[in-house]
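Take a look at the structure below.
The values are calculated or read from the model by the stated rules, or taken from the named source; none is laboratory data. Computed from a prediction, not measured in an experiment: that's the story for all the values here. Every residue, glycine among them, receives a Cβ derived from its backbone with ideal geometry; neighbour counts consider all protein chains shown.
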Amino acid sequence: MRSKTGKAPGSKRGGGPGGRSRRRRPTGATEYIILTVLTMMLLAFGVVMVFSASWANSYLGAAHDSFYYLKRELIFAAAGLALMFIMARFDYTRLRKLAPVLMVASLALLALVLIPGIGHKTNGARRWIGFGLGGFQPQPAEFAKLAVILYLAAVMSARRRLLTSLRDMALPLLIMPALACGLVLVEPDLGTALTISIIFASMLIIGGVRLRLLALPALGGAAVTALSVLISPHQASRITVFLDPWKDAQGSGYQIIQSLVGLASGGLFGVGIGNGVQKFDWLPENHTDMILSIIGEELGLIGVLAVLLGFAVFAFIGYRIALKCRDPFGKHLAAGVTTLMISQAAVNFCAVTGMLPLTGVPLPIISYGGSSLVVILASIGILLNIAINPRSKIAPVKRNLKAIEGGNRGRRNSRAPRARAGSRRRAHG
């Protein structure tokens, strides 16, 4: 029997066998799930390692509280996760109009941190604003990374011809990132300036710029970096230590030597979480920039390779999202966010293992940090939104052999218009 609507009683709209409807998973859901799970795993692992690396110093220090850094890390992680899920549901296309405003605001904050009395100076660098909520001191350079990505994505997607000429590219594309790098170098923060430069170059290359057009900006950046190293004794000492850390093993070369000792003492499987000795005031910055050395000591080479694999999977998923995105703004934005994550991880890996000078760049998500963790998680939220946003999906491609043969898509007859017009005139004649 059939109902009044003409359908079988057990059938449903779009139903299959047995009256069950098949729901297609939305495009990008797989990338969304993998990226979310991977981020949560890296964050949970980072919280554990921050506690393992910091409890000794926090108990023996002024706080006398083994859980001091753990509690702060959990607060930062909660704030970052909240922003990540908010941005994952926020239409990323709305950020296009906000990009210039955010870029100018980040430059203002970078200039503000250089003012004595406002900027907080630690270890020879003035990178933090000296006042904040609950003792939290924002680091404007972290916000500048995301602002540069948004600005470049907005300009490149709106004016694609800029990538064909250095003269056309100079004012709209080069000026703002160059100002950001210059202000960061004044702090001084060579690692963040290097990260912004890598993001800038990679987004231009992914956008299709000719490599020869990047030669002059690269030479200019190298000259400015060399000048900054010559002016700043702090940066010059790091270059000297990189060339020969054993020359001053108890002074400027102490940190990198202890980092290598920690990595070597872990062996293949490590000494176990919590059993490392480098945390007992042997390795400086063990819970921030040098946490990879603690991972190598306590979890061994296997732990380090597992972390490396996690970032490799993140790179694959992030760039896959960028490749699948049909919206130019979303494509450039996804590529920039992925490069932000991977470039910071690469710079940190190379610095901790002695392949680059110590730069002060933390390991994303895993290292202890406030501004860095919050900005990274918010950026991942934007990437998640690009993965599932209907505006970024690839349009389905329909194959029509007749249309291809006749050269006219969507016409019933495969013959060209002139041929059909000629046949009509002959018929009437």
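Residue 262 meets each of the listed conditions (1) part of a loop (DSSP other than H, G, I, E, B); (2) at pLDDT 90 or above apart from (1). Per the conditions (1) under 23 Å from the mean Cα position of the chain (by Cα); (2) free of Cβ contacts under 8 Å to residues at least 40 places away in the same chain; (3) surrounded by 18 or more Cβ atoms within 10 Å (Cβ to Cβ), the sole criterion not satisfied by residue 270 is (1). The residues listed here are 359, 339; of these, the one that is of a type in the set (Ser, Thr, Tyr), modelled with pLDDT of 50 or more, within 30 Å of residue 240 (Cα to Cα) and out of contact with any Gly (no Cβ under 7 Å at 6 or more places or on another chain) is 339. Please specify each residue of the stretch 246-255 satisfying the condition of being assigned to a loop (DSSP other than H, G, I, E, B) and over 31 Å from the mean Cα position of the chain (by Cα). Of everything in the stretch 246-255, those that are assigned to a loop (DSSP other than H, G, I, E, B) and over 31 Å from the mean Cα position of the chain (by Cα) turn out to be 249, 250, 251. Reported count of residues in the stretch 309-359, each being under 25 Å from residue 208 (Cβ atoms), small (Gly, Ala, Ser) and surrounded by 24 or more Cβ atoms within 10 Å (Cβ to Cβ), is 5. When you scan the stretch 315-332, do you find a residue that is more than 19 Å from residue 95 (Cα to Cα) and among the hydroxyl-bearing types (Ser, Thr, Tyr), even just one? The answer is yes, given that some residue of the stretch 315-332 is more than 19 Å from residue 95 (Cα to Cα) and among the hydroxyl-bearing types (Ser, Thr, Tyr). Going by the structure shown, is residue 34 surrounded by fewer than 20 Cβ atoms within 10 Å (Cβ to Cβ), of a type outside the set (Lys, Arg), more than 27 Å from residue 153 (Cα to Cα) and at pLDDT 90 or above? Judged against the criteria, residue 34 is not a match. With respect to (1) within 30 Å of residue 245 (Cα to Cα); (2) assigned to a helix (DSSP H, G or I); (3) among the β-branched types (Val, Ile, Thr), the lone exception for residue 366 is condition (2). Output the residue which, of all residues in the stretch 73-118 that are over 21 Å from the mean Cα position of the chain (by Cα), in contact (Cβ under 8 Å) with a residue 24 or more places away in the chain and not in a helix (DSSP H, G or I), is surrounded by the fewest Cβ atoms within 10 Å (Cβ to Cβ). Among those that are over 21 Å from the mean Cα position of the chain (by Cα), in contact (Cβ under 8 Å) with a residue 24 or more places away in the chain and not in a helix (DSSP H, G or I), it is 114.
Yes/no matrix, rows are residues, columns are (1) within 16 Å of residue 362 (Cβ to Cβ); (2) part of a loop (DSSP other than H, G, I, E, B); (3) of a type in the set (D, E, K, R):
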residue	(1), (2), (3)
275	no, yes, no
278	no, yes, no
284	yes, yes, no
295	yes, no, no
299	no, no, no
306	no, no, no
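Hey, could you check the stretch 234-244 for residues that are under 19 Å from residue 285 (Cα atoms) and surrounded by fewer than 20 Cβ atoms within 10 Å (Cβ to Cβ) and say which is modelled with the lowest pLDDT?
Ranking the candidates gives 234 first.
Restricting attention to the stretch 273-308, the residues that are hydroxyl-bearing (Ser, Thr, Tyr) and either surrounded by fewer than 24 Cβ atoms within 10 Å (Cβ to Cβ) or in contact with a His (Cβ under 7 Å, 6 or more places away or on another chain) (or both) add up to 1. With the checklist (1) in contact (Cβ under 8 Å) with a residue 60 or more places away in the chain; (2) part of a helix (DSSP H, G or I); (3) over 20 Å from residue 198 (Cα atoms) in hand, flag the one item residue 335 doesn't pass. In the conditions (1) in contact (Cβ under 8 Å) with a residue 60 or more places away in the chain; (2) part of a helix (DSSP H, G or I); (3) over 20 Å from residue 198 (Cα atoms), residue 335 misses (3) alone. Whether any residue in the stretch 233-245 is over 29 Å from the mean Cα position of the chain (by Cα), free of Cβ contacts under 8 Å to residues at least 12 places away in the same chain, over 20 Å from residue 365 (Cβ atoms) and not in a helix (DSSP H, G or I) is what I want to check. Yes, the stretch 233-245 contains at least one residue that is over 29 Å from the mean Cα position of the chain (by Cα), free of Cβ contacts under 8 Å to residues at least 12 places away in the same chain, over 20 Å from residue 365 (Cβ atoms) and not in a helix (DSSP H, G or I).
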